[in-house]
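S.K.: Got a structure for you, written out below as structure tokens; questions coming shortly.
The values are calculated or read from the model by the stated rules, or taken from the named source; none is laboratory data. No experiment lies behind these values; they were computed from the predicted model shown. Calculation scope for accessible area: heavy atoms of the full protein, side chains included, ligands and nucleic acids excluded. Shrake-Rupley method; radii C 1.70, N 1.55, O 1.52, S 1.80 Å.
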Amino acid sequence: MAFHIRLKELRQQQNLTLRKLGEKAGISYSILNSIENGRIVPSKNVALALAVALKIEDRESFVALAINPSQV
């Protein structure tokens with residue numbers, strides 16, 4: 001599954017808006033919107049910040065999905 005699809009799925013499961021997730025992760029709405037729409041690929045640090053904000057236990061796999069989608 002593509003990172004941006006997984007991100008949207010997790011965000012919606014937690015009933016978070018893009019703005020609220022952005023606040024929790026310290027990422028601007030416009031950047032987060034671009035990531036979720038597949039226009040840009042997040043850096044490792046941004047993916048990690050999102051994993052923390054979303055309280056994902058397996059952060060390593062989540063980050064790997066963002067930076068190495070073909071190897072997950």
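S.K.: Can you pull out every residue in the stretch 42-59 that is over 8 Å from the mean Cα position of the chain (by Cα) and not hydrophobic (A, V, I, L, M, F, W, C)?
M.R.: Once the filter is applied, which keeps residues that are over 8 Å from the mean Cα position of the chain (by Cα) and not hydrophobic (A, V, I, L, M, F, W, C), the stretch 42-59 yields S43, K44, N45, K55, E57, D58, R59.
S.K.: Any residue in the stretch 45-55 that is open to solvent by less than 60 Å² (accessible area, probe 1.4 Å) and in a loop (DSSP other than H, G, I, E, B)?
M.R.: Yes, the conditions are met somewhere in the stretch 45-55.
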